[in-house]
Amino acid sequence: MQTLRASKCGLSTAQLPSSILDVIDALNKAGFEAYLVGGSVRDLMLGLNPKDFDAVTDATPAQIKEVFGRRCRIIGRRFELAHVYSGRELIEVATFRAPPKKEITSAAGMILRDNNWGNIEQDFARRDFSINALYYQPRKGIVLDFCHGVDDVKNKTLRLLGEPTLRFEEDPVRMLRTLRFAAKLHFDIAPEILEIFTPEMTQLLRDISPHRLYDESQKLFTMGHLNRVLPMLIDFDIWRQLFADIPEQISIFIERAAINTDQRIQMGKTINPAFFYAVLLWESFLERCAFYLHKGVVPAEARAQAGLDVLKRQATRTVIPRFAETFIREVWEMQTRLLSPKPQQIQALSSHARFRAGFDFLLLREKSGDPTTQGMGAWWESYQLMSSDEKERVISQYNRQRAKSRRKTNLDEVLESKVQSVEIEPLVNEPEPRVRRERKSRSRPPERAVPSTASGAAGIAYDHPILKRKRVKRDLNQVVFGPTQ
Ligand code: ATP
Ligand code: MG
């Protein structure tokens with residue numbers, strides 16, 4: 001173990017908010033050791049703004065609670081720690097941990113409980129990367145480095161502590177963390193990690209709870225380097241473990257959305273992480289809509305049911321919280337409304353709570369070359385910049401054009417064009433949605449039998465996982481379509 005001068009590592013108390021110093025001081029005063037550890041030390045050394053500050057101490061959670069009283073809340077079961085509120089900040093204070101006991105690891109070697117208190121050496125050994133295992137005591141002005149972590153920060157190398165296979169088996173989420181830090185910090189992944197980071201290894205992620213994987217996916221989406229991490233997720237075969245039904249390749253739409261997300265974060269703008277989920281699952285949603293339309297379900301219900309199905313299937317990998325699911329479905333639903341708004345509803349639509357997200361989504365589709373938006377992205381973009389007089393004028397202009405063409409220019413048509421001559425087993429066994437009574441005499445117009453590729457959105461790929469589940473093949477000529485067709 002090396003004790004280094006903090007100033008030599010580019011660290012000083014001036015970089016720290018007083019809230020974190022208060023927490024360290026209070027623990028020291030009560031007779032406990034306290035250090036800053038993890039991402040904050042690493043980021044400060046790299047001249048980055050730490051996302052949060054993690055402190056570590058030899059005080060147990062109960063003792064931390066005694067020191068901070070009502071300012072402290074004990075959280076977590078698998079990994080118990082204290083949340084201490086100091087000023088406006090929330091500081092995570094963890095207790096030094098010893099290696100987990102045998103009985104609380106799963107058959108695959110995964111740690112199920114991790115609340116075995118220990119000393120600082122033991123705590124160090126169970127951290128993930130050398131760069132995350134530097135202990136900074138700001139009052140003493142020292143950094144404890146057990147593993148040449150400072151050198152790894154300088155050399156920009158991501159090195160796991162201990163034997164890489166064992167460390168991934170203990171906690172497969174470390175695979176996601178590897179890619180996250182490599183993308184965020186522009187670090188190289190050490191060769192011994194690359195060697196064992198195989199598709200077989202990523203299968204271990206199936207054992208991780210879908211709730212935890214959702215949290216991790218959010219960290220990947222919101223770190224500000226989403227566009228850099230996406231190809232890595234595919235290369236390392238993590239993509240398939242995280243998402244139930246997304247394309248093997250990054251579409252222009254997904255790429256643009258990633259770039260856009262990163263730019264917003266860089267500009268300090270807020271982002272809703274569920275937005276990116278809406279982008280990722282959009283194709284699956286369209287395909288599922290097509291499936292229901294094919295069955296003769298009315299478009300509005302086809303969309304509603306498709307949204308539920310896609311999200312339910314995704315929940316087998318990452319459980320998206322209910323509020324985020326609602327957001328995603330509303331963004332999708334907005335696409336129909338924005339594409340073919342009723343003139344008298346344009347004003348109200350533009351002040352709808354979900355308008356902004358729906359519009360951003362539409363514009364992204366349009367800028368990604370999706371012709372099915374029919375220029376409505378640009379239309380709404382300029383509409384928002386107009387004076388009320390101009391708005392009135394364009395609405396009546398739009399009204400006249402609409403009356404003239406009476407074209408069917410909504411999402412439903414796009415969805416219909418994606419209908420394929422295959423019968424697909426439902427993704428989820430929900431009660432059958434209402435199917436409009438069909439006029440038996442009406443058969444499907446022949447031109448609809450062929451999916452339109454001009455729609456810009458890909459048709460259902462034949463190796464799509466949904467199709468692999470198909471059991472019955474039906475002759476499309478026999479399919480009777482309802483009145484909405
Ligand atoms: P950031 O907060 O910037 O995402 P971080 O390194 O601080 O990065 P946290 O998730 O806040 O990441 O974790 C704090 C520290 O806890 C890490 O730096 C690491 O030392 C340790 N840690 C977190 N998750 C794990 C894990 N799965 N396995 C081992 N150690 C971990
Ligand atoms: Mg952190």
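The values are calculated or read from the model by the stated rules, or taken from the named source; none is laboratory data. This one's a predicted model, so the numbers in the text were calculated from it and none came from an experiment. Note that each Cβ is placed from the backbone with ideal geometry, even for glycine, and that neighbours are counted across all protein chains shown. To get the accessible areas, we keep the full protein, side chains included, count just its heavy atoms, and leave off ligands, DNA and RNA. Shrake-Rupley method; radii C 1.70, N 1.55, O 1.52, S 1.80 Å.
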Please work out which residue is nearest to ligand 1 (Cβ to nearest atom), limiting yourself to segment 51-61 and to residues that are in contact (Cβ under 8 Å) with a residue 40 or more places away in the chain and assigned to a strand (DSSP E or B).
Asp54
If His225 satisfies all but one of (1) in contact with a Lys or Arg (Cβ under 6 Å, 6 or more places away or on another chain); (2) closer than 25 Å to Gly76 by Cβ; (3) not charged (D, E, K, R), what's the number of the condition it fails?
(2)
Note on Leu158: of the conditions (1) without any contact (Cβ under 8 Å) to a residue 40 or more places away in the chain; (2) within 16 Å of ligand 2 (Cβ to nearest atom); (3) open to solvent by 40 Å² or more (accessible area, probe 1.4 Å), unmet is (3)
Quick test of your reading of the structure: Ile142 fulfils all but one of (1) β-branched (Val, Ile, Thr); (2) in contact with a Gly (Cβ under 7 Å, 6 or more places away or on another chain); (3) open to solvent by 20 Å² or more (accessible area, probe 1.4 Å). Name the failing condition by number.
(2)
Within segment 62-73, the residues that are open to solvent by less than 70 Å² (accessible area, probe 1.4 Å) and part of a strand (DSSP E or B) are Cys72
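On the basis of being closer than 30 Å to Glu216 by Cα and touching a Gly at 6+ places or on another chain (Cβ under 6 Å), does Glu366 make the cut? Write out each step before concluding.
On the way: closer than 30 Å to Glu216 by Cα: yes; touching a Gly at 6+ places or on another chain (Cβ under 6 Å): yes.
So Glu366 fits the description; yes.
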Residue within segment 137-151 that is without any contact (Cβ under 8 Å) to a residue 60 or more places away in the chain, in contact with a Phe, Trp or Tyr (Cβ under 9 Å, 6 or more places away or on another chain) and more than 16 Å from ligand 2 (Cβ to nearest atom) present:
yes
Could you count how many residues in segment 51-60 are over 17 Å from His186 (Cβ atoms) and either modelled with pLDDT under 95 or surrounded by fewer than 18 Cβ atoms within 10 Å (Cβ to Cβ) (or both)?
4
State whether one or more residues within segment 111-129 are modelled with pLDDT of 95 or more, within 16 Å of ligand 2 (Cβ to nearest atom) and in a strand (DSSP E or B).
yes
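Quick test for you: out of Arg42, Arg5, pick the one residue that is away from ligand 1 (no atom under 16 Å from the Cβ) and out of contact with any Ser or Thr (no Cβ under 9 Å at 6 or more places or on another chain).
That would be Arg5, the only listed residue that is away from ligand 1 (no atom under 16 Å from the Cβ) and out of contact with any Ser or Thr (no Cβ under 9 Å at 6 or more places or on another chain).
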Top-ranked residue of segment 317-332 - restricted to ones that are assigned to a helix (DSSP H, G or I) and not charged (D, E, K, R), ranked as surrounded by the fewest Cβ atoms within 10 Å (Cβ to Cβ)
Phe323
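Looking at Gln335, Gln347, Gln314 in this structure, which one is open to solvent by 40 Å² or more (accessible area, probe 1.4 Å) and touching a residue at least 40 places away in the same chain (Cβ under 8 Å)?
Numbers: Gln335 fails: open to solvent by 40 Å² or more (accessible area, probe 1.4 Å); Gln314 fails: open to solvent by 40 Å² or more (accessible area, probe 1.4 Å).
Going through Gln335, Gln347, Gln314 in turn, the sole match is Gln347.
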Given the conditions (1) out of contact with any strand residue (DSSP E or B) (no Cβ under 7 Å at 6 or more places or on another chain); (2) open to solvent by 20 Å² or more (accessible area, probe 1.4 Å); (3) under 30 Å from Pro321 (Cα atoms), every one holds for Leu185 apart from (2)
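Can you tell me which residue within segment 161-178, out of those that are outside any helix (DSSP H, G or I) and acidic (Asp, Glu), is most open to solvent (accessible area, probe 1.4 Å)? Quick ask: steps written out before the conclusion?
Residues of segment 161-178 outside any helix (DSSP H, G or I): 161-163, 171-172.
Okay, now just the ones that are also acidic (Asp, Glu), so 163, 171.
On the way: Glu163: 99, Asp171: 19 Å².
Restricting to residues being outside any helix (DSSP H, G or I) and acidic (Asp, Glu), the top hit is Glu163.
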Applying the selection to segment 75-91, what residues are in contact (Cβ under 8 Å) with a residue 12 or more places away in the chain, within 23 Å of Leu21 (Cβ to Cβ) and under 25 Å from the mean Cα position of the chain (by Cα)?
Leu81, Glu89, Leu90, Ile91
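Kindly provide the set of residues from segment 74-97 that are assigned to a loop (DSSP other than H, G, I, E, B) and open to solvent by less than 10 Å² (accessible area, probe 1.4 Å), ordered by number. Let's see the steps before the verdict.
Within segment 74-97, the first condition is being assigned to a loop (DSSP other than H, G, I, E, B), and the residues that meet it are 76-80, 87-88, 96.
Within segment 74-97, just Phe96 meets the criteria.
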Looking at (1) more than 26 Å from Val173 (Cα to Cα); (2) modelled with pLDDT under 95; (3) of a type in the set (A, V, I, L, M), which is the only condition Ala306 fails?
(2)
Can you tell me which residue in segment 10-38 is nearest to ligand 2 (Cβ to nearest atom), limited to those that are touching a helix residue (DSSP H, G or I) at 6+ places or on another chain (Cβ under 6 Å), without any contact (Cβ under 8 Å) to a residue 40 or more places away in the chain and part of a loop (DSSP other than H, G, I, E, B)?
Gly10
Looking only at segment 39-50, count every residue that is surrounded by 14 or more Cβ atoms within 10 Å (Cβ to Cβ) and either more than 16 Å from ligand 2 (Cβ to nearest atom) or in a loop (DSSP other than H, G, I, E, B) (or both) and tell me the total.
2
Tell me which helices (runs of 4 or more DSSP H) are completely within segment 340-387 and hold 3 or more residues being at pLDDT 90 or above and either of a type outside the set (Val, Ile, Thr) or not assigned by TED's automatic domain parsing to the domain that holds Arg402 (or both), or say none if there are none.
355-367, 376-384
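Matching residues to (1) within 14 Å of ligand 1 (Cβ to nearest atom); (2) under 30 Å from Ser19 (Cα atoms):
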{"residue": "Arg127", "(1), (2)": "yes, yes"}
{"residue": "Leu134", "(1), (2)": "yes, yes"}
{"residue": "Gln137", "(1), (2)": "no, yes"}
{"residue": "Arg159", "(1), (2)": "yes, no"}
{"residue": "Thr198", "(1), (2)": "no, no"}
{"residue": "Met201", "(1), (2)": "no, no"}
{"residue": "Leu204", "(1), (2)": "yes, no"}
Have a look at Leu16, Leu36, Leu21, Leu27 and point out the one that is within 21 Å of Ala59 (Cβ to Cβ) and surrounded by fewer than 17 Cβ atoms within 10 Å (Cβ to Cβ).
Leu21
